[in-house]
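Heads up: the structure comes next, in structure tokens.
The values are calculated or read from the model by the stated rules, or taken from the named source; none is laboratory data. Bear in mind that the values here come from a model prediction, so they are computed numbers and not experimental data. Quick reminder, even Gly has a Cβ in these numbers, built from the backbone with ideal geometry, and neighbours come from all protein chains shown.
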Amino acid sequence: MALRRSDRDLTGLTVLALLTTGPRHTYEMHRMMVGTHKDFVTGLPRSMYHAVERLHRDGLVEAVGTTRGGARPERTVYAITRDGRAALRDRELRLLRTPDRDTTPLVAALSFLGVLPPGEAAAALRDRAKDLDGQHSELARALGEAEGRLPRLLLIENEYEAARIAAERDWVSALADDLDAGGLDAPAGFAGLSVPGSDPEPHGPAPEPGGG
């Protein structure tokens, strides 16, 4: 199983995850990303406004009001819908269980691990570990067949890939064990994320495409 193009919409994933902590306007979500150093969300703030527009069009978020602070522009406040929660769960599970050479989707999924019950997250990570174990076995077999026929210098990149896959397999397996054992705090909606960067517009207002 490979990641779909929609699975790689990490900005959309971020918006859905942040809205599980309560209704917010887009600029506040942007500030939260900056404040918590979620560097996998690129092209801020424009990418976040575009993501909100897509999610709203698809019925995954809905406008629930507006807010205005002082001389700042009026902002639309959004909330996640029932379909949005289902989509978030599906995206999060796929990112956790599906290995990919690009580690950014996994980093994003781990950042929002708290949107899933620990048991579901652990099961998805074990699926990933099983897939990675198969990849490692196949690569180790190929390396074994090449030994003696090719100089090691021509196989170094394959050795690295085997080591990388094994390390990721072992790490996600250990994380799954920690989740099952209750070794990670998993507050509903990862509430702690709403604290850093929550001061709206600490550096003054920024332009908002679409007025959100």
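With the structure loaded, tell me whether residue 69 is in a loop (DSSP other than H, G, I, E, B), in contact with a helix residue (DSSP H, G or I) (Cβ under 6 Å, 6 or more places away or on another chain) and loosely packed, with under 15 Cβ neighbours inside 10 Å or whether it fails that test.
Numbers: in a loop (DSSP other than H, G, I, E, B): yes; in contact with a helix residue (DSSP H, G or I) (Cβ under 6 Å, 6 or more places away or on another chain): no; loosely packed, with under 15 Cβ neighbours inside 10 Å: yes.
Considered against the rule, which asks whether it is in a loop (DSSP other than H, G, I, E, B), in contact with a helix residue (DSSP H, G or I) (Cβ under 6 Å, 6 or more places away or on another chain) and loosely packed, with under 15 Cβ neighbours inside 10 Å, residue 69 comes out as no.
Here 41, 64, 77 are screened, and the one residue that is at negative phi and either crowded, with 22+ Cβ neighbours inside 10 Å or not in a strand (DSSP E or B) (or both) is 41.
From the list 163, 206, 191, 122, the lone residue that is modelled with pLDDT of 95 or more, aliphatic (A, V, I, L, M) and closer than 30 Å to residue 33 by Cβ is 122. Residue-level check: of (1) modelled with pLDDT of 95 or more; (2) within 30 Å of residue 127 (Cα to Cα); (3) among the charged types (D, E, K, R), residue 53 misses just (2).
Per the conditions (1) within 16 Å of the chain's Cα centre (by Cα); (2) without any contact (Cβ under 8 Å) to a residue 40 or more places away in the chain, the sole criterion not satisfied by residue 14 is (2). Every condition in (1) closer than 22 Å to residue 104 by Cα; (2) surrounded by fewer than 24 Cβ atoms within 10 Å (Cβ to Cβ); (3) among the aliphatic types (A, V, I, L, M); (4) modelled with pLDDT of 90 or more holds for residue 34 except the one numbered (4).
Give 120, 92 a once-over and let me know the one that is among the acidic types (Asp, Glu), touching a Leu at 6+ places or on another chain (Cβ under 8 Å), part of a helix (DSSP H, G or I) and under 13 Å from residue 17 (Cβ atoms). Break it down into steps so the answer makes sense when it comes.
Details: 120 fails: under 13 Å from residue 17 (Cβ atoms).
That would be 92, the only listed residue that is among the acidic types (Asp, Glu), touching a Leu at 6+ places or on another chain (Cβ under 8 Å), part of a helix (DSSP H, G or I) and under 13 Å from residue 17 (Cβ atoms).
For the stretch 126-155, a residue qualifies if it is surrounded by 16 or more Cβ atoms within 10 Å (Cβ to Cβ) and charged (D, E, K, R), and the qualifying residues are 126, 127, 128, 131.
Residue check: residue 94 meets all listed conditions (1) modelled with pLDDT under 95; (2) surrounded by 15 or more Cβ atoms within 10 Å (Cβ to Cβ) but one, namely (1). Look at (1) surrounded by fewer than 21 Cβ atoms within 10 Å (Cβ to Cβ); (2) touching a Ser or Thr at 6+ places or on another chain (Cβ under 9 Å); (3) under 14 Å from residue 112 (Cβ atoms); (4) modelled with pLDDT of 90 or more and you find that residue 47 fails only one, number (3).
Annotation note: Cβ proximity below 6 Å between a residue of the stretch 100-129 that is under 22 Å from residue 161 (Cβ atoms) and a residue that is at pLDDT below 95 and hydrophobic (A, V, I, L, M, F, W, C) (sequence gap 6+ or interchain) occurs for 100/3; 104/40; 107/40.
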